[in-house]
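Below: the structure, in structure tokens.
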Amino acid sequence: MDEQDLSESVIQAAIAGDRGALDQLWKQSRRWVGAVLLAHKPREADLEDLLQAVAMQVCRKISSVHEPKAFKSWLRTVAINAAREEGRKTTRRRRSMLRLVGMEQANQSNPGSADVIMADWDESQRVYQAVLSLPVGYREPILLRGVRSMSYQQIGEVLDLPITTIETRIARGRRMLKELLAQQDTEREGKLCKQAAAGGG
Amino acid sequence: MRTNESNEQPTIRLSGDERDVLVARVVDGAATNTDWTTFRTLAAHDPSIWSELADTQQIHELMSQRVQSEIAAADRIELPGGLIDDRPMRARLDLVSRWGGWAAAAAILMVWFFGQPISTMALDEHDSAAAGLLGSRILLDQAKPDQAFDQYLSSGQSLGRVVGEMPERIVIETRPMPNGTIEVLYLRQIIERQVIDHAYREVRDEAGNVIPVPVELSPTVERAF
């Protein structure tokens, strides 16, 4: 059986309170839950913390799932809610910290300009960051496809969408990615040319 | 998809989306026999599809590498021990959510009426009781921060002023220090209680001014915390 294939009997048992089945269910799902969180969480939020929050909710609320078939989309909703809640907390924390320690000035003097960041990125980081900048409708299936062995069908079950929609979104998302990366390359080359011209002049 | 079989070899014209989907299926191992035939036919007339395939494959591989490394953290996350029956907690959270708005209004109200920080007010009010409780303990000006804090909690609880401390500490920031240690900035959350005579809700008038509006509450609990 494939890692992501969850048998209905296991889900049913977990819903009924079987701890062993619930553990099995979690182990089979936690990687794609991680990918869903990556698609929805604020950038600075810690993935492990969010996964723990989701794990807690799974324990508390699994009995509220009525249909085994609805389990994956339910778990995705739990993950998205955890990511959104973290987003709200992060915003509140950032605001209160700004007020507390006057970090507006610190932010202004932050040396992390685009040039410095770009220089530090390796190619996979650059692609990953570009994926995160896609609209969520494209970002999420692409990230889920990055979870090893997750098929279009399994992604469709998580997102509750037909396979044709999944493959169209993945294909279009990749097209957007290529265009985005090509645009970044062009901009970088333009900057390098300007720098070279300024150095030569 | 349109085919043109007037030449010796059939040619195929695909829309942008169809072409992207075809390449995606090949990269993702989801191509059917028909897809492969289409791909070969297309490639015979338009070799640029090979570089499209290579670019897509490379992007997918780079992205997958990164995603795998990011979500590796998931393998360390186990479910918390034991199934948790959270009905009592949910009931309490419901209570808190019902009162959350009033708590904020009440805080404003207290400042409005007393005009001084709550903590000093409470100590003044219960000065003698607090002094009695603290008598057998370390004097505050000699206590270390943790000792002073523990004394605040225990005397506050004895006087009914402090309900308790939330177990979770909220990490705001962690910073590695030059000497190899890590500086952690975090919030500790204390739940305090105060009995007030009136509650006010904060509303804004047409000009945006904040106006306190009295709120009438009917009792919903038999006794205090």
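Any read-out appearing in this document is the output of simple, stated calculations on the displayed coordinates, not a laboratory observation. As the structure is a prediction and not an experimental result, all values here were calculated from the model. Note that we place each Cβ from the backbone using ideal geometry, even for glycine, and neighbour counts take in every protein chain shown.
Starting with the fewest neighbours, write out A:ILE163, B:ILE49, A:ILE170 ranked by other beta-carbon atoms found within 10 Å of each beta-carbon.
A:ILE163, B:ILE49, A:ILE170
On average, how many beta carbons from a partner chain sit within 10 Å of the beta carbon of a residue in A:122-130?
Taking all residues of A:122-130 together, the mean is 5.
Considering every residue in A:49-62, what mean count of other chain Cβ atoms within 10 Å of its Cβ is obtained?
4
What spacing in nm lies between the two simple spin-label points modelled at B:HIS45 and B:LEU217, each 7 Å away from Cα in the Cβ direction?
7.6 nm
Label-point separation (nm) for B:LEU185 and B:GLU168, each offset 7 Å from Cα along Cα-to-Cβ?
Label-label distance for B:LEU185 and B:GLU168, simple model: 2.1 nm.
Points 7 angstrom from Cα along the Cβ direction at B:THR32 and B:ALA207: gap in nanometres?
Between B:THR32 and B:ALA207, the simple spin-label model gives 7.2 nm.
How well do other chains shield peptide B:20-30, expressed as the mean number of their Cβ atoms within 10 Å of each residue Cβ?
Taking all residues of B:20-30 together, the mean is 5.
Does a label point 7 Å from the Cα of A:ALA70, set along Cα-to-beta-carbon, have any residues of the stretch A:9-47 with amide nitrogen under 18 Å, and which are they?
In the stretch A:9-47, the label zone of A:ALA70 (backbone N under 18 Å from the point 7 Å along Cα→Cβ) covers A:9-17.
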